[in-house]
Amino acid sequence: MFNLILFGPPGSGKGTQSEKLIAQYGFKHLATGDILRAEIANKTALGMEAKSLMDKGQLVPDEVVIGMISTALDAHPDVPGFLFDGFPRTTAQAEALDKLLKLKETEIGVVLALQVPDEELISRMLNRAKTSGRADDADENVQRNRLEIYKRDTLPVAAHYSKQDKVVNIPGVGTIAEIFDRLSTEIESRK
Ligand code: B4P
């Protein structure tokens, strides 16, 4: 089993590239943002709790997200590997993920970290707002809040995996095809 984390700030293209990577390599895609948005669409209790936080650009509590991932890992025992997209977003989530994978006698193979400047991120999210209908895309103040939270709470996840020598930085500006090539080259060299 080969598992990878696609890491990067909001709007860096994790979702965009994940779609292409799962089509190419058959990973099981675990995107916490997508799972949470499905809970909101289905108006579940969890979704209603998550919505108020997500609309403000805040993170959903660790225990909620870790529970979701634990359930998803158990539901897919026979996949060639998992692609984690938007997870882990805090050090507590990273530590929990490492433990869950160890129980399954597997681990993270690589963390591919997309590097995109802040102003490009804001411009992509504003652009995405035209079609996404996402409240967290439409407001530039919320976007800036998400970037601050990313720097404060999520960047330490890269440090966590750097200690395990697993992080590879990938330039995230360029065409979608160019970035996909960079990611694929790293995956091919490790699988
Ligand atoms: P996510 O759903 O994870 O979304 P994201 O970080 O905004 O976007 P992503 O990086 O996937 O960007 P995309 O490909 O769409 O998170 C949303 C919220 O959910 C969080 O704020 C939080 O509240 C909650 N949440 C999720 N996971 C959580 C967790 N683990 N713990 C707690 N809370 C959690 O790309 C963005 C745009 O750029 C698109 O419009 C795309 O078309 C464009 N684009 C992509 N690549 C491009 C390129 N190369 N050039 C130009 N544009 C490009």
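Points to keep in mind about this one:
- From the list Val79, Val142, Val116, the one residue that fits, being at pLDDT 95 or above and hydrophobic (A, V, I, L, M, F, W, C), is Val116.
- In region 152-191, the qualifying residues are those that are away from the ligand (no atom under 11 Å from the Cβ) and of a type in the set (Ser, Thr, Tyr), and the one that is surrounded by the fewest Cβ atoms within 10 Å (Cβ to Cβ) is Ser189.
- Residue match in region 177-184 (condition: under 20 Å from Thr32 (Cβ atoms) and in a helix (DSSP H, G or I)): yes
- Residue that is within 12 Å of the ligand (Cβ to nearest atom) and touching a strand residue (DSSP E or B) at 6+ places or on another chain (Cβ under 9 Å), where the choices are Asp55, Asp85: Asp85
- Cβ pairs under 9 Å, 6+ apart, first in region 122-142 and within 14 Å of Met54 (Cα to Cα) and in contact (Cβ under 8 Å) with a residue 24 or more places away in the chain, second among the β-branched types (Val, Ile, Thr) and crowded, with 16+ Cβ neighbours inside 10 Å: Ala135/Val142; Asp136/Val142
- Subset of region 5-50 (residues that are under 16 Å from Ile179 (Cα atoms), aliphatic (A, V, I, L, M) and more than 12 Å from the ligand (Cβ to nearest atom)): Ile22, Ala23
- Figure legend. Inter-residue proximity from region 24-36: first residues more than 20 Å from Asp136 (Cβ to Cβ), second residues assigned to a loop (DSSP other than H, G, I, E, B) and of a type in the set (Lys, Arg), beta-carbon distance below 9 Å, spacing 6+ or different chains. Indicated pairs: Tyr25/Lys191.
- Qualifying residue in region 143-158 (condition: closer than 20 Å to Met54 by Cβ, assigned to a helix (DSSP H, G or I), touching an Asp or Glu at 6+ places or on another chain (Cβ under 8 Å) and of a type in the set (A, V, I, L, M, F, W, C)): yes
- Of all residues in region 110-127 being of a type in the set (Val, Ile, Thr) and in a strand (DSSP E or B), the one that is nearest to the chain's Cα centre (by Cα): Val111
The values are calculated or read from the model by the stated rules, or taken from the named source; none is laboratory data. Small disclaimer: the values here were computed from a predicted structure and weren't measured. Every residue, glycine among them, receives a Cβ derived from its backbone with ideal geometry; neighbour counts consider all protein chains shown.
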